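Just below is one structure, and these are the notes that go with it.
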Amino acid sequence: MNDASTRSSDTTGSAPTPLFRERLLPGPGAWVAAVGLGVIVAVVVLPVAPLVAPGAGILAAAGVIAALVATAPVVEVADGELRAGTAHVPVGLLGPVTPVFSAEEMRVQLGPELDARAYVCLRSWARTGLKAELVDPLDPTPYWLISTRRPDDLAAAIEEAAAR
């Protein structure tokens, strides 16, 4: 018996495209360091097991690269929400958003001007970011400070999502 008639007929629908999406992957220095660690492991293992050394080096480098990718948070504006890492907030609960365009501005935001109650999604290799005020009276978090390499695009996406 053909059960095609009992299947869902919605095969043309696809997930909506996010207004903004960025995975905060490390810069080239971290990738070079991962490969360098693999070389170091291979050199250390070489005198003990010459046939195993290349494999050990490759495994070490691959493990570090996998860890860097797996721990890189995603910053996204989709479905009326801002997501940064594992946290999410509806854009309707966001007030003014302020792009942070320089590493020095970000240092000030993370240092002297940081409120301890703020939600921070920071990656040191993304030296710019965005500050988004929260207007939810039930949430003690005053704002989110999010690392991003494209602060102006993230701010525009939040404003576009709020206007919908």
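Condition check: in contact with a His (Cβ under 6 Å, 6 or more places away or on another chain), among the charged types (D, E, K, R) and not assigned by TED's automatic domain parsing to the domain that holds GLY27. Does GLU159 satisfy that? It would help to see each step written out before you state the result.
Values: in contact with a His (Cβ under 6 Å, 6 or more places away or on another chain): no; among the charged types (D, E, K, R): yes; not assigned by TED's automatic domain parsing to the domain that holds GLY27: yes.
Considered against the rule, which asks whether it is in contact with a His (Cβ under 6 Å, 6 or more places away or on another chain), among the charged types (D, E, K, R) and not assigned by TED's automatic domain parsing to the domain that holds GLY27, GLU159 comes out as no.
Failed condition for TYR119, given (1) of a type in the set (Ser, Thr, Tyr); (2) more than 24 Å from VAL69 (Cα to Cα); (3) surrounded by 15 or more Cβ atoms within 10 Å (Cβ to Cβ), with all others met?
Here TYR119 clears every test but (2).
In this structure, does LEU130 turn out to be in a helix (DSSP H, G or I), within 20 Å of GLU22 (Cα to Cα) and not hydroxyl-bearing (Ser, Thr, Tyr)?
Working: in a helix (DSSP H, G or I): no; within 20 Å of GLU22 (Cα to Cα): yes; not hydroxyl-bearing (Ser, Thr, Tyr): yes.
In short, no.
The values are calculated or read from the model by the stated rules, or taken from the named source; none is laboratory data. Everything numeric in this text was worked out from a predicted model, so none of it was measured. Heads up, the Cβs are rebuilt from the backbone with ideal geometry, glycines too, and the neighbour counts pull from every protein chain shown.
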